[in-house]
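Chemist: Provided herewith is a single structure, encoded as structure tokens, for subsequent inquiry.
The values are calculated or read from the model by the stated rules, or taken from the named source; none is laboratory data. Not measured: the values here are computed from a predicted model. Every residue, glycine as well, gets a Cβ built from its backbone with ideal geometry; the counts of neighbours run over all protein chains shown. Just so you know, the surface numbers come from the protein's heavy atoms only, side chains and all, with ligands and any DNA or RNA stripped out. Shrake-Rupley method; radii C 1.70, N 1.55, O 1.52, S 1.80 Å.
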Amino acid sequence: MTNPANHLEPSVDPRPAGLDRRNLLRGATALAATAVTMKTASAASVAPLGQTGAPTLSTEPLPLGPLPGSRYPDSHLESAKPKLSFGPSDFPAFAGTMAVERVATGFRWAEGPVYFAAGRYVLFSDIPNNRIMRFSEDDGHLSVYRQPSMNSNGNTIDREGRLITCEHSGRRITRTELDGSITIIADKYNGKKLNSPNDAVVASDGSIWFTDPVYGIGGYYEGVKADPEQEKKNVYRVDPKSGDIKVVVDDFVEPNGITFAPDEKKLYVIDTGFTDGPDNPSHIRVFDVDIGSGKVSSGKVFAEIPKPSITDGMRCDSAGRIWCSVGWGDPKEDGVRCYTPDGDLLGKIHIPETVANLCFGGQQRNRLYICGSTSLYAVYTGVQGAMKP
């Protein structure tokens, strides 16, 4: 039987000397295998979106309950004015028979609390441990809500009761839908990645306003180290209908905490630029704002924080007072400050750890939850939170 292959081959081999088809095929196969191996190795070398933290272990966890030495009236509340009557004078933190309590502990860096009234629980980020925690205020139960969380930082809630989250390692703003699915709200501006969204607030028209410093891409502890792609560190607004992203303020050194006045005519934004250099600001700025058009104007400094301390997060009560965190500087200043709508200091709540952020909660909206480094604190106040996300 004639071998067709041999029959088709010409009597003179036209291939250059030294080349063999079988060797070529074997070589091509080897190269393909090598390419697959290199591709696999390259994929394996890419860092995950969201570094996985290690549990915070302690043989002697911080005690829960009222802080040591507490008595009525609680000395952790300090009025800016001389005491003229029972309790701290003119300081709305005072609520009678109450004291500052540590309600949960065991975190590396607690941040971004938000209260869900329907479930009576607080969600907050434990950034380095890459998780969102849940504290149920009805029975004091603590659990993990989400892990990994893309090194989530600030959290808030929209008018439909959905969680809005700022993600460091995702470099994005997400919304957790009522069915548990996650929608990406913003991750780019002008075709380039955001830096690392830090804090967010939702206006009554559904627009989402957020800050975008670079803290989450500065290393591998609170995110994934990367070069910033945005030329500036901006404050953005996401249109509720089109989803378009617009810069509303672009002259911050490091924009951080953000909130509205109860009537949404004022926008407050923290600048923690002091972390980048001693001549940079450590203060809160306030702007006139039109939430519908996304325009801000007449910006000015609302309150200076005594350096080397900074404020990180803030909330507004129903009377327009600003409650903000304090930390990183003098331990005697660690805690919460309360300012009038005109920027006058009313008083302080002293916490034994650096405080990052806070929110109002409780069924009467009069319980202030405070994220202080490794712990979650709470205190009843004499006022109600504005409950504007």
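Chemist: If a residue has to be touching a Pro at 6+ places or on another chain (Cβ under 9 Å) and either among the polar types (S, T, N, Q) or under 23 Å from Val224 (Cα atoms) (or both) to count, how many in segment 128-164 make the cut?
Modeler: Selection size over segment 128-164: 10.
Chemist: Give the residue that is nearest to Trp328 (Cα to Cα), with candidates limited to residues of segment 285-307 that are part of a loop (DSSP other than H, G, I, E, B) and open to solvent by 20 Å² or more (accessible area, probe 1.4 Å). First the steps, then the outcome.
Modeler: To start, the set of residues in segment 285-307 that are part of a loop (DSSP other than H, G, I, E, B) comprises 291-294, 305-307.
Still in the list and also open to solvent by 20 Å² or more (accessible area, probe 1.4 Å): 291-293, 306-307.
Numbers: Ile291: 33, Gly292: 36, Ser293: 36, Pro306: 11, Lys307: 9 Å.
Once the filter is applied, the top-ranked residue is Lys307.
Chemist: So which residues in segment 310-343 are β-branched (Val, Ile, Thr) and not in a strand (DSSP E or B), if there are any at all?
Modeler: Thr311, Thr340
Chemist: Now for a different question. Take the residues of segment 175-187 that are free of Cβ contacts under 8 Å to residues at least 12 places away in the same chain and of a type outside the set (Asp, Glu): which is surrounded by the most Cβ atoms within 10 Å (Cβ to Cβ)?
Modeler: Filtering first and then ranking leaves Ile182.
Chemist: Now for a different question. Could you list, in sequence order, all residues of segment 141-173 that are open to solvent by 10 Å² or more (accessible area, probe 1.4 Å), without any contact (Cβ under 8 Å) to a residue 60 or more places away in the chain and of a type outside the set (Lys, Arg)?
Modeler: His141, Leu142, Ser143, Val144, Tyr145, Gln147, Glu160, Gly161
Chemist: Just checking, how many residues over segment 58-71 are open to solvent by 80 Å² or more (accessible area, probe 1.4 Å), at pLDDT below 75 and in contact with a Gly (Cβ under 9 Å, 6 or more places away or on another chain)?
Modeler: Within segment 58-71, residues that are open to solvent by 80 Å² or more (accessible area, probe 1.4 Å), at pLDDT below 75 and in contact with a Gly (Cβ under 9 Å, 6 or more places away or on another chain) number 1.
Chemist: Val336 fails exactly one of the following numbered conditions: (1) hydrophobic (A, V, I, L, M, F, W, C); (2) open to solvent by less than 20 Å² (accessible area, probe 1.4 Å); (3) more than 26 Å from Thr374 (Cβ to Cβ). What is the number of that condition?
Modeler: Looking at each condition in turn, Val336 falls short on (3).
Chemist: Taking the condition of being outside any loop (DSSP other than H, G, I, E, B) and open to solvent by 30 Å² or more (accessible area, probe 1.4 Å), how many residues in segment 191-213 meet it?
Modeler: Here the count works out to 2.
Chemist: Can I ask one more? Among (1) more than 30 Å from Gly170 (Cα to Cα); (2) modelled with pLDDT of 55 or more, which single condition is Pro55 missing?
Modeler: Unmet condition: (1).
To keep it simple, each residue is scored yes or no on (1) touching a His at 6+ places or on another chain (Cβ under 9 Å); (2) more than 26 Å from Ser318 (Cβ to Cβ); (3) in contact (Cβ under 8 Å) with a residue 12 or more places away in the chain.
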site	(1), (2), (3)
Val214	no, yes, yes
Val235	no, no, yes
Ala261	no, no, yes
Lys266	no, no, yes
Ile270	yes, no, yes
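Chemist: Okay, moving on. Go through segment 141-166 and count every residue that is touching a helix residue (DSSP H, G or I) at 6+ places or on another chain (Cβ under 9 Å) and closer than 20 Å to Asp244 by Cβ.
Modeler: From segment 141-166, those touching a helix residue (DSSP H, G or I) at 6+ places or on another chain (Cβ under 9 Å) are 151, 153, 166; that's our starting set.
Next cut, closer than 20 Å to Asp244 by Cβ only: 166.
Result for segment 141-166: 1.
Chemist: Within segment 148-159, work out how many residues are modelled with pLDDT of 95 or more and over 15 Å from the mean Cα position of the chain (by Cα).
Modeler: Looking only at that region, the number is 1.
Chemist: Do we have Gly216 as part of a loop (DSSP other than H, G, I, E, B) and open to solvent by less than 40 Å² (accessible area, probe 1.4 Å) here?
Modeler: no
Chemist: Got a sec? Which of Ala99, Ala30, Ala47 is out of contact with any His (no Cβ under 6 Å at 6 or more places or on another chain) and at pLDDT 75 or above?
Modeler: Selected residue: Ala99, the only one of Ala99, Ala30, Ala47 that is out of contact with any His (no Cβ under 6 Å at 6 or more places or on another chain) and at pLDDT 75 or above.
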